[in-house]
Amino acid sequence: MMIGQVKETKLLGVFYLPEITEDSRILVALALFVASANCLPTAGIAVANSPENVERLAHLGPDELAEELSGQFEGDMILDEEQMASLRDRRNGLIAQTRRWPNRIVNYYIHEPDFTPEQVQHIELGVRMLQSQSCLQFRRVTPEETPAYIRVIGSGSGCSSFVGHTGGAQNLNLQPNTVGSGCFRIGTVVHEFLHALGFYHQQSASDRDEFVDIIWDNIEEGRENNFYAYDANSVTDFNVRYDYGSVMHYSTTAFSKNGQRTIVPKEPNVTIGQRLSLSERDISKLNWMYGCLGKDEQSNVYPAGQYPTGRTVRASSLCPVTSTGGGPSRRDPADAMGDNFEGDILLTDAQLAAMRKRTGMYLSTFIWPDRTVPYQIVATDFTFDQTNAILAAMRAIEQHTCLRFVPATTATVDFIQIAAGTGCSSFVGRIRGAQALRLQPSAIGTGCFTHGTIVHELIHALGFYHMQSATERDQYVDILWQNIAPGREGNFQSYGTDRIINYGVAYDYESVMHYHTLAFSANGQPTILPKVANVAIGQRDGMSAGDIQRLRNMYQC
């Protein structure tokens, strides 16, 4: 009788879905899940994966995500009884404080017999990425040291994790794959750890229908439950806007029965389902969840995680410098306030000639050979903390790419020389010899020493121009020439594909290389307006997923 009732619910979910009330959707989702081949007979236990998924996992395509083929709730989440009850009863358990790791300390154990040394190092890299972007402390432990820890194993099929702190030993499974594929994409390792820290999938957000369309007809039968949104009483976004670039977002063909899209973004030309790394909004949410932005030394961070302009911030992104001189006072990235080309770019004679002749703006001669970037920091120009901030920006780039920054020696011919100067500026790409990168000393988190501004200048030195210089930029933003300060119009040129290249990555509003909306304004009015409503430009938190992909493509990582 019970089996028959479940089948009826399943049929209801498939054929009469538009008539289901909002309050009954979670109940239908759970019924569908129990009725499917991958049922959950006991809460808190990973279920056996289907033979079809096991076969697909053995032959993953380059665009397939292993976590979507892992046979658990929504693909890779293992829910305990309390969490399942929260879904059934519409309680607040999914955002309960008890699900967060106490004292911001996350214990984890890696069962090394399941993995190669290279795979263990990759898991550790994912852990370091999370720790470096938050106030969380990750402690590698043995099972004898503590009763509560994440147990990283590789004996199961696919990738899966419990959600949040369970109070005991909780499995996080990563099916051993070649590093860089399957469960061992670095973004997938991070994705599963974020589940263990308490995060659900981005497309579960209560406001997701404002940002994506779910194509129900293309979803595998019995998998409809994976696409239901929860209400604000079940999950929270910590006042951070819906994030297409989240490492927690499904891909566009997730659980497709026919190869067609199951999730379609309402915003054109955006990519979903990236597994490169945390997005900046992932970082913001993680820091808000664990109270990293409430510490006394970060008292300048605005409430609800946003600047007055609506830009998301995180712990390492405090108030940029305030401009002085003509026009109203405002908070500007320091790299947009200089007197150099486009504010902070230093050009060689060859690069100036290339601009005039419309040639060579992405010549391979400007790329650092062997993906190795020698540098010299003029130690007498900076404090200990400022030097560490520069090194942290280098490490952030290294973590997401195959590039390596190495100290220059007396025998090094070509290197970046980082010294104090007026404002923030850099040459573009390798220009030969000692090339200047200037950072005006300021308090950490302000001016040229905002984390994203240091990253911005380093990315110039790696060979990238500003995002709004892109060939296709007029499809994405409007330039309000009447508001630009006289003599600064040249900073708003866009270039043809014979000058610059986007390396196959779409225009990126979230790029750390994008001007902000008031850049070089004569009157405090916008000079750049996105054509898409409610997007922020000019963030200086750190690299976007698009920035990372462009670097990886440029340097063939």
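The values are calculated or read from the model by the stated rules, or taken from the named source; none is laboratory data. Source: prediction; values computed, not measured. Cβ atoms come from the backbone with ideal geometry, glycine included; neighbour counts cover every protein chain shown. Only protein heavy atoms, including side chains, enter the accessible area calculation; ligands, DNA and RNA are left aside. Shrake-Rupley method; radii C 1.70, N 1.55, O 1.52, S 1.80 Å.
Figure legend. Inter-residue proximity from region 413-432: first residues within 19 Å of ASN388 (Cβ to Cβ), second residues at pLDDT below 85, beta-carbon distance below 7 Å, spacing 6+ or different chains. Indicated pairs: CYS424/ALA334; CYS424/ASP335; CYS424/GLY338; CYS424/ASP344. Residues in region 436-448 that are in contact with a strand residue (DSSP E or B) (Cβ under 7 Å, 6 or more places away or on another chain) and surrounded by 20 or more Cβ atoms within 10 Å (Cβ to Cβ): LEU437, ARG438, LEU439, CYS448. Only one of these is open to solvent by less than 10 Å² (accessible area, probe 1.4 Å) and either outside the structural domain of ARG139 (by the TED database) or without any contact (Cβ under 8 Å) to a residue 12 or more places away in the chain (or both): VAL247, VAL190. Name it. So the residue among VAL247, VAL190 that is open to solvent by less than 10 Å² (accessible area, probe 1.4 Å) and either outside the structural domain of ARG139 (by the TED database) or without any contact (Cβ under 8 Å) to a residue 12 or more places away in the chain (or both) is VAL247. On the given criteria, is ILE123 surrounded by 15 or more Cβ atoms within 10 Å (Cβ to Cβ), farther than 24 Å from SER279 by Cα and of a type outside the set (S, T, N, Q)? Judged against the criteria, ILE123 is not a match. Of the residues screened, ASN107 is not one that is open to solvent by less than 50 Å² (accessible area, probe 1.4 Å), modelled with pLDDT under 90 and farther than 26 Å from GLU224 by Cα. Counting only strands (runs of 3 or more DSSP E) wholly contained in region 417-495, the ones carrying 2 or more residues that are among the β-branched types (Val, Ile, Thr) occupy 477-479. Only residues that are in contact (Cβ under 8 Å) with a residue 24 or more places away in the chain and of a type in the set (Gly, Ala, Ser): list them for region 433-450, please. Within region 433-450, ALA434, ALA436, SER442, GLY445, GLY447 meet the criteria. Report, by residue number, each residue of region 142-174 that is open to solvent by less than 40 Å² (accessible area, probe 1.4 Å) and closer than 18 Å to GLU124 by Cα. Within region 142-174, TYR149, ILE150, VAL152, ILE153, GLY154, CYS159, SER160, SER161, GLN170, LEU172, ASN173, LEU174 meet the criteria.
Looking across region 266-291, the residues that are over 21 Å from ARG185 (Cβ atoms) and not in a loop (DSSP other than H, G, I, E, B) come down to SER284, ASN287, TRP288, MET289.
Residue-wise test of (1) loosely packed, with under 15 Cβ neighbours inside 10 Å; (2) touching a helix residue (DSSP H, G or I) at 6+ places or on another chain (Cβ under 7 Å).
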site	(1), (2)
ASP370	yes, no
PRO374	no, no
THR380	yes, no
ASP385	yes, no
ILE390	no, yes
ILE397	no, yes
THR401	no, yes
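Could you tell me whether region 404-422 includes any residue that is open to solvent by less than 10 Å² (accessible area, probe 1.4 Å), touching a helix residue (DSSP H, G or I) at 6+ places or on another chain (Cβ under 8 Å) and under 16 Å from HIS451 (Cα atoms)? Scanning region 404-422 turns up at least one residue that is open to solvent by less than 10 Å² (accessible area, probe 1.4 Å), touching a helix residue (DSSP H, G or I) at 6+ places or on another chain (Cβ under 8 Å) and under 16 Å from HIS451 (Cα atoms). Within the set PHE449, PHE520, PHE464, PHE492, the sole residue that is modelled with pLDDT under 90 and closer than 26 Å to VAL373 by Cα turns out to be PHE464.
Quick check, is LEU172 closer than 30 Å to CYS557 by Cα and touching a Phe, Trp or Tyr at 6+ places or on another chain (Cβ under 8 Å)? Judged against the criteria, LEU172 is a match.
Residue-level check: of (1) outside the structural domain of GLY126 (by the TED database); (2) in a helix (DSSP H, G or I); (3) open to solvent by less than 20 Å² (accessible area, probe 1.4 Å), TYR230 misses just (2).
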